[in-house]
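Following: one structure in structure tokens, then a few remarks.
The values are calculated or read from the model by the stated rules, or taken from the named source; none is laboratory data. All of these numbers come straight from a predicted model, not from anything done at the bench. Counting neighbours? That spans all protein chains shown, and the Cβs are built from the backbone with ideal geometry, glycine included. Areas reflect the complete protein model, heavy atoms only, side chains present, ligands, DNA and RNA absent. Shrake-Rupley method; radii C 1.70, N 1.55, O 1.52, S 1.80 Å.
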Amino acid sequence: MKYLVANQKSLMTKEEIVDFIVNYKKVSSAKLKTIIIPSAPFITLFEEPVGLQNISSLSGKAYTGEIDIKQAISLKVEYVLVGHSERRTYSGESESLIEKKLQLLKENNLIAILCIGESLDEYNNSEKETVLLNQISNSVKLMNDTPIIAYEPVWAIGTGLTPTNEEIKKTVIYIKEQAKSLFNKEAIVLYGGSVSPDNINELETIVEVDGYLVGGASNDYNKWNKLVTALEVKHD
Ligand code: PGA
């Protein structure tokens, strides 16, 4: 099964998202599954279930401004992004907060998509594997037996830069091996960071990659539809 996941971030206005909804392609087959994760205010504009970009680690009382897991369940949300680098960076999300969210999702049978990745400095200092190991060493045990992990180098997000295919392949294998040896789990590993119609065919030659987490290009239905078409051709 190949995944194509849209992380639309906070980029679209209501008018833009309505336009997107009218025009975008979705697929749900045994071989390819598209998952849209829009900005939270817009999730009910979609007729089918969509994902959430964030969930509160707290539940059951009044928490102004938060999205409670009970609300997510009542909206038929299935997938939730956890630990996206923009939340780690701009909202100060710590490993312990990420772990609380993963625990809550597991208890409520929602599927987490855990985002991990190294910064440019960490990449340049050859610290990538240490960083990734830190990011999965506690979190993956709180996920189900086939955890979904999105490997997104921070320096590749929104920059147009991507690691080489060889680097992505090595890293994806590393993540899968760690999940197996540490927790006996079969990780589904997505790649994210400047995925676009221009590089999807090249990325598709890496057989170890189980799918993609797409940011910028998922805000443009033309680009999104091209990505869906490129994957459909290979996974129909
Ligand atoms: P990008 O974002 O595709 O714009 O690089 C990916 C992400 O942040 O999930």
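Legend: calculated FRET efficiency, Asn199 to Leu11, from the Cβ-Cβ distance at R0 = 25 Å, rounded to 0.05, equals 0.80.
At 25 °C and a viscosity of 0.890 mPa s, what translational diffusion coefficient does Stokes-Einstein give for the stretch 179-236, taking Rh as the Kirkwood radius over Cα pairs? Give it in µm²/s as a whole number.
Numbers: Rh = 12.4 Å.
So the translational diffusion coefficient is about 198 µm²/s.
Each Cα pair under 8 Å and six or more residues apart adds its separation to the average, and for the chain the resulting relative contact order is 22 percent.
Where both partners of a DSSP beta bridge lie in the chain, what percent of those bridges are antiparallel, to the nearest 5?
Details: 1 of 27 bridges.
In the chain, DSSP labels about 5 percent of beta bridges as antiparallel.
Here's the picture: charge each Lys and Arg Cβ at +1 and each Asp and Glu Cβ at -1 in the chain, and of Asn108, Gln135, Val5 the one pushed furthest to the positive end of that dipole is Asn108.
Structure remark: mean-square fluctuation, Gaussian network model of the chain, C-alpha springs under 10 Å; the largest value among Gly215, Gly160, Gly83 belongs to Gly160.
When the Gaussian network model of the chain links Cα atoms closer than 10 Å, the mean-square fluctuations of Val82, Val209, Val131 top out at Val131. Note on the stretch 57-132: Kirkwood hydrodynamic radius from all Cα pairs is 13.8 Å, rounded to one decimal.
For the chain, with all protein chains in place and a probe radius of 1.4 Å, 50% of the accessible heavy-atom surface sits on carbon or sulfur.
Per residue, the stretch 58-151 exposes 52 Å² of solvent-accessible protein surface, assessed with a 1.4 angstrom probe and all protein chains in place. Taking GluC sites (Glu not before Pro) in DSSP loop states with no more than 12 other Cβ atoms inside 10 Å as exposed sites, the chain has its longest site-free stretch at 48-185.
Working note: Cα atoms of the stretch 139-236, range along each principal axis, descending, whole Å: 40, 31, 23. Model label sites at Asn222 and Ser28, defined 7 Å from Cα along the beta-carbon direction, differ in position by 2.9 nm.
In a simple Cβ point-charge model (Lys, Arg +1; Asp, Glu -1; nothing else charged), the chain has a dipole of about 600 debye relative to its Cα centre.
Quick one: ranking Trp155, Trp224 by accessible area, 1.4 Å probe, largest first, what do you get? The partial results should precede the final answer.
On the way: Trp155 30, Trp224 0 Å².
If we order Trp155, Trp224 from most to least accessible, we get Trp155, Trp224.
Could you tell me which of Asn184, Gly160, Gly216 has its Cα farthest along the dipole of the stretch 158-220 towards the positive end, charges placed at Cβ (Lys, Arg +1; Asp, Glu -1), taken about the Cα centre? The residue sitting most towards the positive pole is Asn184. Its Cα gyration tensor gives the stretch 69-216 an equivalent ellipsoid. The semi-axes, each the square root of 5 times an eigenvalue, are 24, 17, 16 Å from largest down. The stretch 113-183 and the stretch 54-80 have Cα centres spaced 26 Å apart.
Let me know the volume per residue of the alpha-carbon convex hull for the stretch 1-104, in Å³. Don't jump to the answer; show the numbers that get you there.
Numbers: hull volume 12.5 nm³, N = 104.
Dividing the Cα hull volume of the stretch 1-104 by its residue count gives 120 Å³.
How much of the pair distance distribution for the stretch 22-81 lies past 17 Å, counting alpha-carbon pairs only, in percent? The calculated P(r) of the stretch 22-81 puts 42 percent of pairs beyond 17 Å. In a fully extended conformation the segment linking Glu186 and Tyr90 would gain 31.5 nm over its present Cα-Cα distance, using 0.36 nm per residue. Taking the Cα centre of the stretch 1-137 as origin and assigning +1 to Lys and Arg Cβ atoms and -1 to Asp and Glu Cβ atoms, the resulting dipole is close to 540 debye.
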